[in-house]
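Enquirer: I'd like to ask some things about the structure below.
The values are calculated or read from the model by the stated rules, or taken from the named source; none is laboratory data. Only a predicted model underlies this, so the values are computations on that prediction, with no experimental measurement involved. For the accessible areas, the whole protein counts, side chains as well, though only heavy atoms, and no ligand, DNA or RNA atoms are used. Shrake-Rupley method; radii C 1.70, N 1.55, O 1.52, S 1.80 Å.
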Amino acid sequence: MRTGGGTASTASTASTGSAAATAPAGSTASAGSAASAASAASDPDGDAVGIAADSIAATCKNHGKKYVVRKYYRGPEFYTLRCGTKTWGWKHIKARHGWNTSMDKKISAAIWSGEPNGRGGFSTYTNSCPKIEKFRTIIGTPAGKNDLLTAYKVDQTRAATAARC
């Protein structure tokens, strides 16, 4: 579900092909949309809404590595987060970088409004001079070219020093 140019995180269900969506911070979704997301109701487009971030573990336990648990939008395009394995996708992110609502929001923000990072994904940066990369996503997995491989906070001590402004 996308409203007013905002982003949406989505999880699809394999049996019905419908998708669950929640609007992240900064979205222009209405309060009704948030209530719908919380109650797992259906929106007018026929997409089910409301899978909580902490239920992804249970979802992935019962589905294969290619199962889509979220969709992140960048304009009309979307990038999927699949259950994955220990080397890519949600299972990798959870094990290596931690998973919570904040991580979900950072991924959404990086994909929606971040800058291409040269690693096939998008990054967010500080609003300083020189700008410093804060958060990085990398796109492209064995399951698909528009799948999220990983996402993580960039270690500032390793960040390359940029030229002075």
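Enquirer: Going Cα to Cα from Lys153, which lysines come in below 16 Å? Please leave out same-chain ones fewer than 8 positions away.
Expert: Counting by Cα, and skipping residues close in sequence, Lys153 has these lysines nearby: Lys94, Lys105, Lys106, Lys131, Lys134.
Enquirer: Then there's this: Just need log10 I(q)/I(0) for the range 70-165 at q = 0.16, 0.24 Å⁻¹, Debye formula, equal scatterers on the alpha-carbon atoms, no solvent, rounded to two decimals.
Expert: Scattering profile of the range 70-165, log10 relative to I(0): -0.63, -1.27.
Enquirer: Still on this model: Calculate how large, on average over all directions, the projected area of the Cα convex hull of the range 69-116 is; give the answer in nm² to one decimal.
Expert: For the Cα atoms of the range 69-116, the hull's average projected area reads 3.4 nm².
Enquirer: Let me ask something else about it. For the range 84-165, give the percent of accessible area contributed by carbon and sulfur heavy atoms, probe 1.4 Å, rounded to a whole number.
Expert: Carbon with sulfur: 51 percent of the solvent-accessible area.
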